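Okay, structure first, notes after.
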Amino acid sequence: MGKWLDHALALAREYEGLHRVGQDGLIYPYHDPVGFPTQAWGRLLSRNKWESLSKYPSISRAEADEWLIDDLAKHARAVWRLCPVEMTPGMFAALVDFSFNVGPGNLEISTLRRRVLDGDRQGAADQFPRWVFAQGVKLPGLVRRRAAERALYLSD
(Lines give C-alpha, C1' and ligand atoms only; values in the text may rest on other atoms or scores of the structure.)
Protein backbone atom coordinates (compact mmCIF):
# COMPACT_ATOMS: atom_id res chain seq x y z
CA MET A 1 0.00 0.00 0.00
CA GLY A 2 2.96 2.27 0.39
CA LYS A 3 4.29 5.22 2.31
CA TRP A 4 0.87 6.60 3.19
CA LEU A 5 0.09 3.42 5.13
CA ASP A 6 3.24 3.77 7.23
CA HIS A 7 2.23 7.35 8.09
CA ALA A 8 -1.38 6.40 8.84
CA LEU A 9 -0.33 3.42 10.98
CA ALA A 10 1.99 5.63 13.02
CA LEU A 11 -0.74 8.22 13.63
CA ALA A 12 -3.40 5.68 14.53
CA ARG A 13 -1.11 3.76 16.86
CA GLU A 14 0.05 6.89 18.62
CA TYR A 15 -3.34 8.52 19.08
CA GLU A 16 -5.61 5.51 19.45
CA GLY A 17 -3.33 3.49 21.66
CA LEU A 18 -3.76 -0.19 22.40
CA HIS A 19 -6.14 -0.25 25.35
CA ARG A 20 -7.18 -2.95 27.77
CA VAL A 21 -4.31 -5.37 27.27
CA GLY A 22 -4.78 -8.06 29.89
CA GLN A 23 -2.08 -9.81 31.88
CA ASP A 24 -2.76 -12.77 29.59
CA GLY A 25 -1.61 -10.63 26.63
CA LEU A 26 -5.08 -10.56 25.10
CA ILE A 27 -6.85 -7.34 24.19
CA TYR A 28 -10.28 -6.70 25.66
CA PRO A 29 -13.04 -4.34 24.49
CA TYR A 30 -13.69 -1.00 26.20
CA HIS A 31 -15.93 2.05 25.84
CA ASP A 32 -14.37 5.04 24.08
CA PRO A 33 -14.65 8.54 25.64
CA VAL A 34 -18.19 8.99 24.30
CA GLY A 35 -19.41 5.47 25.12
CA PHE A 36 -19.00 3.45 21.94
CA PRO A 37 -17.80 -0.15 22.31
CA THR A 38 -14.27 -0.18 20.92
CA GLN A 39 -11.35 -2.58 20.83
CA ALA A 40 -7.66 -2.74 20.01
CA TRP A 41 -6.40 0.25 18.00
CA GLY A 42 -9.74 2.07 18.07
CA ARG A 43 -11.93 -0.33 16.13
CA LEU A 44 -15.56 0.63 16.59
CA LEU A 45 -17.49 -2.50 17.55
CA SER A 46 -20.98 -1.01 17.70
CA ARG A 47 -22.81 2.29 17.34
CA ASN A 48 -24.86 1.48 20.46
CA LYS A 49 -23.44 3.66 23.21
CA TRP A 50 -22.65 1.97 26.50
CA GLU A 51 -23.60 -1.42 25.10
CA SER A 52 -22.46 -4.37 27.19
CA LEU A 53 -18.96 -5.49 26.26
CA SER A 54 -19.55 -9.07 27.33
CA LYS A 55 -20.53 -10.21 23.83
CA TYR A 56 -17.18 -9.18 22.35
CA PRO A 57 -14.35 -11.70 22.74
CA SER A 58 -10.78 -10.81 23.55
CA ILE A 59 -8.31 -10.86 20.66
CA SER A 60 -4.57 -11.31 20.19
CA ARG A 61 -2.08 -8.55 19.37
CA ALA A 62 -1.69 -10.02 15.87
CA GLU A 63 -5.46 -9.76 15.34
CA ALA A 64 -5.44 -6.18 16.62
CA ASP A 65 -2.71 -5.25 14.15
CA GLU A 66 -4.60 -6.94 11.28
CA TRP A 67 -7.77 -5.06 12.25
CA LEU A 68 -5.91 -1.75 12.13
CA ILE A 69 -4.56 -2.39 8.64
CA ASP A 70 -8.03 -3.50 7.47
CA ASP A 71 -9.65 -0.43 9.06
CA LEU A 72 -7.15 1.96 7.49
CA ALA A 73 -7.59 0.30 4.08
CA LYS A 74 -11.37 0.75 4.41
CA HIS A 75 -10.91 4.43 5.24
CA ALA A 76 -8.39 4.81 2.41
CA ARG A 77 -11.09 3.62 -0.01
CA ALA A 78 -13.48 6.19 1.47
CA VAL A 79 -10.91 8.98 1.06
CA TRP A 80 -10.24 7.94 -2.56
CA ARG A 81 -13.99 8.01 -3.24
CA LEU A 82 -14.65 11.30 -1.44
CA CYS A 83 -11.50 13.16 -2.47
CA PRO A 84 -10.57 12.01 -5.99
CA VAL A 85 -7.74 14.52 -6.43
CA GLU A 86 -3.99 14.17 -6.65
CA MET A 87 -2.38 14.10 -3.20
CA THR A 88 0.99 13.47 -1.65
CA PRO A 89 1.35 10.41 0.60
CA GLY A 90 1.31 12.71 3.65
CA MET A 91 -1.89 14.44 2.58
CA PHE A 92 -3.57 11.12 1.90
CA ALA A 93 -2.41 9.54 5.18
CA ALA A 94 -3.63 12.55 7.18
CA LEU A 95 -7.07 12.27 5.58
CA VAL A 96 -7.17 8.50 6.14
CA ASP A 97 -6.39 8.96 9.83
CA PHE A 98 -8.95 11.75 10.07
CA SER A 99 -11.61 9.54 8.46
CA PHE A 100 -10.64 6.64 10.73
CA ASN A 101 -11.12 8.86 13.77
CA VAL A 102 -14.24 10.87 12.87
CA GLY A 103 -15.82 8.61 10.25
CA PRO A 104 -16.16 9.01 6.48
CA GLY A 105 -19.59 10.59 6.85
CA ASN A 106 -18.08 13.50 8.75
CA LEU A 107 -15.29 13.80 6.19
CA GLU A 108 -17.91 13.89 3.44
CA ILE A 109 -19.81 16.85 4.92
CA SER A 110 -16.74 18.75 6.09
CA THR A 111 -15.29 22.04 4.92
CA LEU A 112 -11.98 20.17 5.07
CA ARG A 113 -13.12 17.97 2.17
CA ARG A 114 -14.38 20.99 0.20
CA ARG A 115 -10.98 22.65 0.57
CA VAL A 116 -9.23 19.43 -0.56
CA LEU A 117 -11.48 19.23 -3.63
CA ASP A 118 -10.82 22.92 -4.37
CA GLY A 119 -7.07 22.28 -4.30
CA ASP A 120 -6.68 24.68 -1.35
CA ARG A 121 -3.96 22.84 0.56
CA GLN A 122 -3.45 25.48 3.24
CA GLY A 123 -7.19 26.01 3.64
CA ALA A 124 -7.69 22.26 4.05
CA ALA A 125 -4.87 22.04 6.59
CA ASP A 126 -6.41 24.86 8.57
CA GLN A 127 -9.62 22.85 8.98
CA PHE A 128 -8.04 20.02 11.01
CA PRO A 129 -7.97 21.99 14.30
CA ARG A 130 -11.74 22.52 14.11
CA TRP A 131 -12.33 18.80 14.78
CA VAL A 132 -11.23 18.59 18.43
CA PHE A 133 -14.57 18.17 20.20
CA ALA A 134 -16.41 15.06 21.35
CA GLN A 135 -19.96 15.71 22.52
CA GLY A 136 -19.15 19.40 22.89
CA VAL A 137 -16.04 18.83 25.01
CA LYS A 138 -12.62 19.85 23.69
CA LEU A 139 -10.34 16.84 24.17
CA PRO A 140 -6.58 17.40 24.53
CA GLY A 141 -5.89 14.12 22.71
CA LEU A 142 -7.88 15.32 19.71
CA VAL A 143 -6.04 18.65 19.76
CA ARG A 144 -2.72 16.78 19.54
CA ARG A 145 -4.01 14.35 16.91
CA ARG A 146 -5.39 17.11 14.66
CA ALA A 147 -2.09 19.00 14.96
CA ALA A 148 -0.21 15.86 13.91
CA GLU A 149 -2.59 15.26 10.99
CA ARG A 150 -2.25 18.90 9.92
CA ALA A 151 1.55 18.73 10.05
CA LEU A 152 1.56 15.51 8.04
CA TYR A 153 -0.87 16.99 5.52
CA LEU A 154 1.54 19.87 4.90
CA SER A 155 4.73 17.78 5.14
CA ASP A 156 5.52 16.79 1.58
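For this structure, a couple of remarks:
- If only residues of the range 57-96 that are under 18 Å from residue 3 (Cα atoms) and aromatic (Phe, Trp, Tyr) are counted, the one that is surrounded by the most Cβ atoms within 10 Å (Cβ to Cβ) is 92.
- Looking only at the range 97-156, residues that are among the β-branched types (Val, Ile, Thr) and crowded, with 20+ Cβ neighbours inside 10 Å come to 1 in all.
- Candidate set from the range 10-21 (those that are among the hydrophobic types (A, V, I, L, M, F, W, C) and under 19 Å from residue 151 (Cβ atoms)); member that is surrounded by the fewest Cβ atoms within 10 Å (Cβ to Cβ): 10
- Cβ separations smaller than 7 Å between residues 6+ apart or across chains give the following pairs from the range 95-122 residues that are at positive phi to residues that are outside any helix (DSSP H, G or I): 119/85.
- Residue within the range 25-36 that is among the aromatic types (Phe, Trp, Tyr), in contact with a helix residue (DSSP H, G or I) (Cβ under 8 Å, 6 or more places away or on another chain) and at pLDDT below 95 present: no
- Answer residue from the range 71-94, given it is outside any helix (DSSP H, G or I) and either touching a Leu at 6+ places or on another chain (Cβ under 9 Å) or touching a residue at least 60 places away in the same chain (Cβ under 8 Å) (or both) and is nearest to residue 148 (Cα to Cα) among those: 88
- Filter result (of a type in the set (A, V, I, L, M) and not in a strand (DSSP E or B)) within the range 14-70: 18, 26, 34, 40, 45, 53, 62, 64, 68, 69
- Residue count, the range 22-54 (criterion: surrounded by 15 or more Cβ atoms within 10 Å (Cβ to Cβ), of a type outside the set (Gly, Ala, Ser) and in contact (Cβ under 8 Å) with a residue 40 or more places away in the chain): 0
The values are calculated or read from the model by the stated rules, or taken from the named source; none is laboratory data. Computed from a predicted structure; not experimentally measured. Please note: Cβ atoms are built from the backbone with ideal geometry, for glycine as well, and neighbour counts cover all protein chains shown.
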